[in-house]
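Have a look at this one.
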Amino acid sequence: MAEINMAKAINLALHEAMDRDQRVVVMGEDVGQDEGVFRITEGLFAKYGDERVIDTPLAEAAIVGTAIGMSINGLKPICEIQFTGFDYYAFHQVEGHASRFRNRTRGRIHLPMVMRMPYGGGIRALEHHSESREAYYAHTPGLKVVIPSGPRNARALLHSAIQDPDPVIYLEPKACYRLFREEVPDQMETLPIGQAHVIREGEDITLVSYGASLRAAIEAAEELEEENIHCEIVDLLTVSPMDHLTVVKSVKKTGRCVIVHEGQRNCGIGSEVVARINEHAFLYLEAPIKRVTGFDIPIPYFSKERYYLPDAERVIVACKETLNF
Amino acid sequence: MAEINMAKAINLALHEAMDRDQRVVVMGEDVGQDEGVFRITEGLFAKYGDERVIDTPLAEAAIVGTAIGMSINGLKPICEIQFTGFDYYAFHQVEGHASRFRNRTRGRIHLPMVMRMPYGGGIRALEHHSESREAYYAHTPGLKVVIPSGPRNARALLHSAIQDPDPVIYLEPKACYRLFREEVPDQMETLPIGQAHVIREGEDITLVSYGASLRAAIEAAEELEEENIHCEIVDLLTVSPMDHLTVVKSVKKTGRCVIVHEGQRNCGIGSEVVARINEHAFLYLEAPIKRVTGFDIPIPYFSKERYYLPDAERVIVACKETLNF
Amino acid sequence: MPRTVIEIAQKIEYLSILDENANLDKSLEPDIPAEQLKTMYKYMLLGRRTDERMLKMQRQGRLGTFPQSAGHEAISMGSVINIKKDDWHVPAYRELAGMLYRGWPIENIILFWNGFEEGTRPPEEVNDLPICVPIASQLPHAVGIGMAMNIKKEKNVVMTYFGDGATSEGDCHEALNFASVFKAPVVFVCLNNQYAISVPLERQMACETVAQKAIAYNMPGIRVDGNDVLAVYVATKEAVDRARAGGGPSLIEGLTYRLTPHTTADDPKRYRSDATTDEWMKKEPLIRFAKYLQNKGVMSAKDLEDMEVEVDTLVKAAVTKAEEMAKSEELLNPYNIIDHVFADVPQFLQEQRDELGEYMKRENDRKAKKNAKKSETGALS
Amino acid sequence: MPRTVIEIAQKIEYLSILDENANLDKSLEPDIPAEQLKTMYKYMLLGRRTDERMLKMQRQGRLGTFPQSAGHEAISMGSVINIKKDDWHVPAYRELAGMLYRGWPIENIILFWNGFEEGTRPPEEVNDLPICVPIASQLPHAVGIGMAMNIKKEKNVVMTYFGDGATSEGDCHEALNFASVFKAPVVFVCLNNQYAISVPLERQMACETVAQKAIAYNMPGIRVDGNDVLAVYVATKEAVDRARAGGGPSLIEGLTYRLTPHTTADDPKRYRSDATTDEWMKKEPLIRFAKYLQNKGVMSAKDLEDMEVEVDTLVKAAVTKAEEMAKSEELLNPYNIIDHVFADVPQFLQEQRDELGEYMKRENDRKAKKNAKKSETGALS
Ligand SMILES: Cc1ncc(C[n+]2csc(CCOP(=O)(O)OP(=O)(O)O)c2C)c(N)n1
Ligand SMILES: Cc1ncc(C[n+]2csc(CCOP(=O)(O)OP(=O)(O)O)c2C)c(N)n1
Ligand SMILES: [Mg+2]
Ligand SMILES: [Mg+2]
């Protein structure tokens, strides 16, 4: 058992996967010699060489497009998009092909590939470096969208993503890369994609969150605990296919729910959570579900980012309003 | 007053706008000599010449990207993307620039441009020709997303879109192009963007819909009327910024709601409608809100498209389940 | 320090061997075995006749809109004949002849233009991707397949296709660039039919040839008469040999012309003259190739007629088969639309699958009722 | 009918006038008025000193990550000096010298690297777009601006910039293609500093020069010594004149080198040697230009020193001003993040604006309470 941060945990999973499976290749801008702008691919280039750790030209559509081709021809590419702010360059390849090949060929061709992307705010970055648009992928049929929240689940979920026979969008909350450490087991492990985790039990209200925003939810729950308010927290881990059963079970218990994420609100993940709870636990709801999310504006440059990102204070206020409804 | 279909109405608006305003230019693949693959740009090339009616090379990102440049330099480009299935090629220009220039420059540079795109199923087309992904745009801050449902509002809304100082995504339900005719006034008219219309009053249940799916809602309402069930129908017309006030007002009256759209369900427009009703009319709801939408699969090729597209039968069943809840 | 001219090493060439009147440049004639020549002709003919047959079906409402292939047979067959079964074939959508040669049943082709995804399922053991609708987006896939060959040390090649319009897309540029940087064994074949729907070549690009774009990638580039199957053969063979030997990608432009509308929904009179089309009709690839085969003694007039009959039989049988398949339970199964989106159906999609099941159930109930009523009324009348 | 070579009309040239030792090729020397030469030097220096100053501020935690410009001043100033105020300037992000020349206050630059959108607001009357983060995506905007000029019959030009890495993006290709097809008056200037972050040129493209890519667009293409402001001047002047006269776009490649890390977050030791950087340090653009100005008698050693002082004063004043602005109510106003997304704030966004208002109110209440407590405790202690 070692205590490592999320950056290291993802790096560890990459080493383990490349070790175990010759078919795994890593590709993207600056992932080789430079070891990634966040150093997530540290040590890979030295260990596996430039055939399996591929510095590509600067072209996101081609990175995803050639990864599709590689996975068709028997490899398991893990492609890194340097920031989610630039994945839209490749969106036609993701929407038009990555998400569709299995269906289009009725199962004959499938694409075991992973798109790794650092996402989200909180690192004092410039424009296009802090977006959180997981809903675009969630709205796209044929994709799985995974968002870890800590070192241990980051490593386990990345293994699951690599082993998955279908394309997985693996979004890394970059604000968490070096935020805290966690014990991870010596043995590599996986976690089922599409399964949410109740990370804190409570009977008063359910907080649904994931990724970096989960920190705000946890902090809020801890503060509320002091006021004798017991929050249950569901970490989605996979935002699509979303495990609404776990969410619904919790809400049936608490009768109240607040959703916390930093992505935009309009047609965001939170909207879908509300819609599913409405469908599956309507009679259990004692108050409207609140969405504590990013506003429907481009995420501000860092001087005003804090007005945009959900924090514990906003979560607490939302919880209280929900409880006092 | 003349009775015309939606294709003709949109064409009429284009003629009127080009006539009134020298700054308006039309551009896209095959919009000139060929007059558009759906003939929406009929007569423009002959009348306004190849400087204002521009056949472009086959490159969606450049179409949108140069339209952005044109609007920066004083023109009002209306660019056509031949089918929404191909707009993802331009998504980085839309997300990264069209939606952001005003905010990035704190109002100094704004983009009066319109992206016209035929969307949706129902025309027996092949893959990538039937998508309905308005939620991608709705989830993108800084964009307005307009979807007309008939000849008269199509013409009026296109005028509003052209006059709008900000970029408008104007999605044309291609199944409606030649589906029916409607009287349009001789004088050109506009309709406010961001305003929904109650097109049928009723007190039992609210149907929220837009675009081509509205036909299914209307048909359902008519059939239900025979069973003495009175549906109120809200035609959103603008899916973002969505006019939830009108929806909420209706739901407060009826206490029940079914949403009908052909786009995918997960994080779709329907999810947002549910979330807003939940926030604004929680205590008025007497049954869970139902979503009659496309499934979360790529829209099937035309041999099985009907299993995917919402029809009146599915709406009726959903209404009855809601009413019998 | 002065103003100097930078030498560009590459020479862009033009190649034509068998001209529109079937005159042969003997000095350039490739040495193709008779059997192979016959195979080439057969699939060119099969492509043409399938295309014609599908047009009729479309006019009768038995098929959806589809892009026709007539006129593109020489580029398709002259190139694809140079790759082996375990090489890869990544078409756009006018390579009907080549797809049939690679092993796609004609009935699959008919099925996919008839709205069945089952038609776009490549047959087992066929290393082909299905036709690709979003222009140029198949090219990065071809390059990725080729990059994987290099990584896996396979000695295979990829043959991929695109139109003149496709050259404008960023994906085309990115694919050519990746291929050249990674020396991927890919042969890029451009079907330059001089139009992208209605948009003529000079509105698509300012340069004279597609071939010269190869200079931007330090890649060999050549333009050939795209209606001359021998020229296509020679140019693509050189490219295939080079790719297989580790020499990286090549760009081949076949100059040709659509003999038909863009698709069955298109009206070419709006943007090009019938006179020009008539001119190009004379240059079309099958007639001159048939003459060549006869001149060379590879096929007699009788052989050619026999082949027409053989091909006709194949097409007819395929139409029957396709229309039977389209009525089969397997292909009509509505759950097909859900069951192949992921390897397994996730929970939320299972709920939607159940919705579809309810829908089907109600529909069947209604049908049953209707039938019951019918037989009742039948009994009464 | 035979195999023939297709003649490519364009010649790709290389141009250098003032070499790294300030040796001048008199025969190529452009005739630039002394005042203009001084202006060029001034803004090159201002760019350099601002860059250096910002680096210090970044190290002190007073700025966010930013991409440095040192080494790119000759390309920026040698080109931008050739356009007029009502022409357009569409930068990437290393054209600091040019932006300052065009009228961007230094404090704006500092503000935007300090996380204020207000810094990316172009000053009134300045026909510039702000820096552009997504690589190559500014190029279609430049082309659109140029296309609009043609439509409006304006006799203006657009000068736009991009890196060697940017050439790989589809947007770059599409922009070059549109510009050439529509004969847009655009001068494309590539800052080829041979790296895209860590990725070296040979991993970015297989061809020797960026300039030769012009052949794919039938566009004039030239490579110049990018550290030689005179060569940049001559090449871009030719291109501007051609564009203004209706001759369409040109592609100019300036060969240079980043004298600094990619951004303040980058560690170039990981991918390039200090020795090479030292070599390039000797070739940097300011020293040789200063020598030229002295040799020519345009500026004395004293003039150069005075200019250093002048520039230093400007930078210092700007830093003070920027940091004051960063504390001003106007720039700190949280509603700025919402109020410029649309011309008017729509209903649903107004509701979110109210949420922000509540948040601010609570925060202010807490602050007030805290302060009250503080003064209480203050009174007690
Ligand atoms: C990305 C994209 N944009 C638009 C279309 C619509 N479309 C289908 S074919 C075509 C023209 C293609 O021209 P070209 O590449 O020359 O091929 P050709 O059809 O002439 O063989 C267009 C615009 C498409 N399929 N994909
Ligand atoms: C579309 C996109 N992808 C990735 C990045 C991250 N990134 C920022 S600068 C850069 C390298 C750019 O290289 P080049 O075009 O040569 O410009 P240079 O920085 O060398 O001036 C990269 C990959 C980005 N900003 N935009
Ligand atoms: Mg073509
Ligand atoms: Mg560079």
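The values are calculated or read from the model by the stated rules, or taken from the named source; none is laboratory data. These numbers were taken from a predicted model, which means no experiment stands behind them. Don't worry about glycine lacking a Cβ; one is built from the backbone with ideal geometry, like all the others, and counts go over all protein chains shown.
Pairs only if they're at least six apart or on different chains, beta carbon under 7 angstrom, first in region A:235-250 and without any contact (Cβ under 8 Å) to a residue 60 or more places away in the chain, second of a type in the set (S, T, Y) and not in a helix (DSSP H, G or I); list them, first residue then second.
A:S250/A:T206
Can we say B:A135 is more than 25 Å from B:M70 (Cβ to Cβ), aliphatic (A, V, I, L, M) and assigned by TED's automatic domain parsing to the domain that holds B:V94?
yes
Which residues, counting only those in region D:130-148, are of a type outside the set (G, A, S) and either within 16 Å of ligand 3 (Cβ to nearest atom) or facing chain B (nearest Cβ under 7 Å) (or both)?
Hits for region D:130-148 are D:P130, D:P134, D:P140, D:H141, D:V143, D:I145, D:M147.
Would you point out which residue out of C:E305, C:E351 is away from chain A (no Cβ under 14 Å) and of a type outside the set (A, V, I, L, M, F, W, C)?
Exactly one residue qualifies, and that residue is C:E305.
Also, I was wondering about something else. Would you mind telling me which numbered condition in (1) assigned to a loop (DSSP other than H, G, I, E, B); (2) within 12 Å of the chain's Cα centre (by Cα); (3) closer than 22 Å to C:D312 by Cβ C:L63 fails?
Among (1) assigned to a loop (DSSP other than H, G, I, E, B); (2) within 12 Å of the chain's Cα centre (by Cα); (3) closer than 22 Å to C:D312 by Cβ, the lone unmet condition for C:L63 is (2).
Please state which of the following conditions C:K237 fails to meet, knowing it meets all the rest: (1) more than 16 Å from ligand 2 (Cβ to nearest atom); (2) crowded, with 24+ Cβ neighbours inside 10 Å.
Unmet condition: (2).
Could you pull out every one of the helices (runs of 4 or more DSSP H) wholly within region D:67-115 that has 1 or more residues that are free of Cβ contacts under 8 Å to residues at least 60 places away in the same chain and either within 16 Å of ligand 1 (Cβ to nearest atom) or closer than 18 Å to D:E52 by Cα (or both)?
So the answer is D:96-102, D:106-113.
Among the residues of region D:227-249, which ones are hydrophobic (A, V, I, L, M, F, W, C) and at the interface with chain C (Cβ under 10 Å from one of its Cβ atoms)?
Residues satisfying the conditions are D:A231, D:V234, D:A235.
Oh, and also: Of all residues in region C:176-193, which are more than 16 Å from ligand 4 (Cβ to nearest atom) and touching a Ser or Thr at 6+ places or on another chain (Cβ under 8 Å)?
C:F178, C:V186, C:V187, C:F188, C:V189, C:C190, C:L191, C:N192, C:N193
Okay, residues lined up against (1) within 16 Å of ligand 1 (Cβ to nearest atom); (2) of a type in the set (F, W, Y):
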position: C:G247; (1), (2): no, no
position: C:L251; (1), (2): yes, no
position: C:T264; (1), (2): yes, no
position: C:Y271; (1), (2): yes, yes
position: C:A290; (1), (2): no, no
position: C:D303; (1), (2): no, no
position: C:A322; (1), (2): no, no
position: C:A326; (1), (2): no, no
position: C:L332; (1), (2): no, no
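Oh, and also: Test D:E363 against the criterion of being away from chain B (no Cβ under 14 Å) and assigned to a helix (DSSP H, G or I), and give yes or no.
Yes: the conditions hold for D:E363.
How many residues are among the aliphatic types (A, V, I, L, M), part of a helix (DSSP H, G or I) and more than 7 Å from chain A (Cβ to nearest Cβ) when one looks only at region C:150-165?
Residues in region C:150-165 being among the aliphatic types (A, V, I, L, M), part of a helix (DSSP H, G or I) and more than 7 Å from chain A (Cβ to nearest Cβ): 0 in total.
If you don't mind, another one. Looking at D:K282, D:K269, which one is more than 16 Å from ligand 2 (Cβ to nearest atom) and either within 27 Å of A:L126 (Cβ to Cβ) or of a type in the set (V, I, T) (or both)?
Sole residue among the options that is more than 16 Å from ligand 2 (Cβ to nearest atom) and either within 27 Å of A:L126 (Cβ to Cβ) or of a type in the set (V, I, T) (or both): D:K269.
Here's something else I'd like to know. Can you tell me how many residues within region C:76-94 are of a type in the set (S, T, Y) and either within 16 Å of ligand 3 (Cβ to nearest atom) or within 14 Å of chain A (Cβ to nearest Cβ) (or both)?
Looking only at that region, the number is 2.
Let me ask you something else. Filter region D:176-217 for residues that are within 14 Å of ligand 2 (Cβ to nearest atom) and hydrophobic (A, V, I, L, M, F, W, C) and give the result.
Across region D:176-217, the qualifying residues are D:F188, D:V189, D:C190, D:L191, D:A196, D:I197, D:V199, D:L201, D:M205, D:V210.
Restricting to region D:10-45, name every residue that is assigned to a loop (DSSP other than H, G, I, E, B) and free of Cβ contacts under 8 Å to residues at least 40 places away in the same chain.
Selection gives D:K11, D:N23, D:D25, D:D31, D:P33.
If you don't mind, another one. Among A:G36, A:G49, which is away from ligand 2 (no atom under 16 Å from the Cβ), at pLDDT 95 or above and farther than 22 Å from A:T190 by Cβ?
Checking each option against the conditions leaves just A:G49.
Of everything in region C:173-198 that's more than 8 Å from every other protein chain (Cβ to nearest Cβ) and in a helix (DSSP H, G or I), which residue is farthest from ligand 1 (Cβ to nearest atom)?
C:A179
If you don't mind, another one. Having 1 or more residues that are within 21 Å of the chain's Cα centre (by Cα) and either without any contact (Cβ under 8 Å) to a residue 12 or more places away in the chain or more than 8 Å from chain C (Cβ to nearest Cβ) (or both) is the bar; report the strands (runs of 3 or more DSSP E) wholly within region A:12-117 that clear it.
A:24-28, A:76-80
Output the residues belonging to region B:245-299 that are facing another protein chain (nearest Cβ under 9 Å), assigned to a helix (DSSP H, G or I) and among the β-branched types (V, I, T).
Selection gives B:I269, B:V273, B:V274, B:I277.
Exactly one condition in (1) out of contact with any strand residue (DSSP E or B) (no Cβ under 7 Å at 6 or more places or on another chain); (2) on the phi > 0 side of the Ramachandran plot is not met by A:G194; state its number.
(1)
Pick from region D:201-226 the residues that are surrounded by fewer than 24 Cβ atoms within 10 Å (Cβ to Cβ) and more than 9 Å from every other protein chain (Cβ to nearest Cβ): which of them is nearest to ligand 4 (Cβ to nearest atom)?
Checking each candidate, the answer is D:L201.
On the given criteria, is C:F178 surrounded by 24 or more Cβ atoms within 10 Å (Cβ to Cβ), within 16 Å of ligand 3 (Cβ to nearest atom) and either modelled with pLDDT under 95 or assigned by TED's automatic domain parsing to the domain that holds C:M147 (or both)?
Taking the combined requirement at face value, the residue does not satisfy it.
Is at least one residue of region A:145-165 within 16 Å of B:I297 (Cα to Cα) and touching a helix residue (DSSP H, G or I) at 6+ places or on another chain (Cβ under 8 Å)?
Taking every residue of region A:145-165 in turn, at least one turns out to be within 16 Å of B:I297 (Cα to Cα) and touching a helix residue (DSSP H, G or I) at 6+ places or on another chain (Cβ under 8 Å).
Got a number for residues in region C:15-37 being more than 14 Å from every other protein chain (Cβ to nearest Cβ) and surrounded by fewer than 16 Cβ atoms within 10 Å (Cβ to Cβ)?
5
If I go through region D:150-167 residue by residue, how many of them are within 16 Å of ligand 2 (Cβ to nearest atom) and touching a residue at least 40 places away in the same chain (Cβ under 8 Å)?
Residues flagged as within 16 Å of ligand 2 (Cβ to nearest atom) and touching a residue at least 40 places away in the same chain (Cβ under 8 Å) within region D:150-167 amount to 7.
Here's another thing I want to ask about it. Can we say A:V315 is part of a helix (DSSP H, G or I), more than 14 Å from chain D (Cβ to nearest Cβ) and at pLDDT 95 or above?
no
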